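Accompanying notes for the structure given below.
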Amino acid sequence: MTNKQPSTLLRVLLYLKHRKKTIVFLLVLITISQFASILVPFVSRTLIDTLTKFISHPGVLPWQTLSYCALGILGLSVISSMLHSNYNYHLFVMVTKVEDDLRSKAFEKYLQLHSLFHHSASSGQIIGRIERGGVSFYTIIFDLIGQAIIPPLIIFFGAFIALLYENVWVALAVLIPFPIYLLATHHIANKIYQTEQQSNDAFETISKELYDVAGNVLTVKKFSQEEIETKNHQRLMINAREI
């Protein structure tokens, strides 16, 4: 019986096992940022309630409460934006460093393969696969996990905790769509992976063709095939972009 391979997401995350401190730092940044953005509506509610009470029962304008609320909204918004920007920057730095390391290791492994392998293999296709693999890693970690999954989950749980403090039944009602979100995210992630795989295959074909044409450019020119090769490249690009 063959051992079942771990999922694609788990295999990708394994490349980050030596970045635990950075990951903890990033989680702290994005958690504080998202919690600051969650607090803004609650401060705004206090501001609105104060103004509504003043309009209903005219009297001395509560400048102190209004000032604190305005400063609170401004401060929380600035903190959220600054920390989120720092999160994006450090996440980008970490992901690109790991991506470059993976590209280098893959290229080193390619160079260390036996000469007989290189005689029968297409160098253009292999180099193209390494390049597209690096792009796929960046997309999964930075765009999918770092932007589309982690921040929304933090907001969801933060809002749930806040609502749980306010009203248990409302919090439970908000919790109901969570399994649907998980199923939808899992379905979308699988679809993205499949589309990315098809796109990789298509662009690997393009890379292979480009390397082959560039390596035999004198032959192409000798038989006046420049226009044909250009149109073939355009056709392959269009087909790859349509995936």
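Do we find a residue being in contact (Cβ under 8 Å) with a residue 24 or more places away in the chain and in a helix (DSSP H, G or I) anywhere in region 166-179? No: zero hits. The requirement of being at pLDDT 85 or above, in contact with a Lys or Arg (Cβ under 8 Å, 6 or more places away or on another chain), closer than 28 Å to Q147 by Cβ and part of a helix (DSSP H, G or I) is fulfilled nowhere in region 70-82; no residue meets it. Among all residues of region 227-234, there is at least one that is modelled with pLDDT of 80 or more and crowded, with 16+ Cβ neighbours inside 10 Å. Scanning region 83-102 for residues that are among the basic types (K, R) and at pLDDT 95 or above turns up nothing. Residues satisfying the criterion are absent from region 4-16 (criterion: in a helix (DSSP H, G or I), modelled with pLDDT of 90 or more and either in contact with a Phe, Trp or Tyr (Cβ under 8 Å, 6 or more places away or on another chain) or surrounded by fewer than 15 Cβ atoms within 10 Å (Cβ to Cβ) (or both)).
Scoring S123 on the criteria (1) surrounded by 15 or more Cβ atoms within 10 Å (Cβ to Cβ); (2) of a type outside the set (D, E, K, R); (3) closer than 30 Å to Q198 by Cβ leaves a single failure, condition (1).
Matching residues to (1) crowded, with 16+ Cβ neighbours inside 10 Å; (2) under 19 Å from the mean Cα position of the chain (by Cα); (3) of a type outside the set (D, E, K, R):
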| site | (1), (2), (3) |
| --- | --- |
| Y87 | yes, yes, yes |
| M94 | yes, yes, yes |
| D100 | no, yes, no |
| Y110 | yes, no, yes |
| S136 | yes, yes, yes |
| A148 | no, yes, yes |
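Among the residues of region 48-68, none qualifies, meaning not one is in a helix (DSSP H, G or I), in contact (Cβ under 8 Å) with a residue 24 or more places away in the chain and hydrophobic (A, V, I, L, M, F, W, C).
The values are calculated or read from the model by the stated rules, or taken from the named source; none is laboratory data. What you are looking at is a predicted structure, and each value in this text was computed from that prediction instead of being measured. Counting neighbours? That spans all protein chains shown, and the Cβs are built from the backbone with ideal geometry, glycine included.
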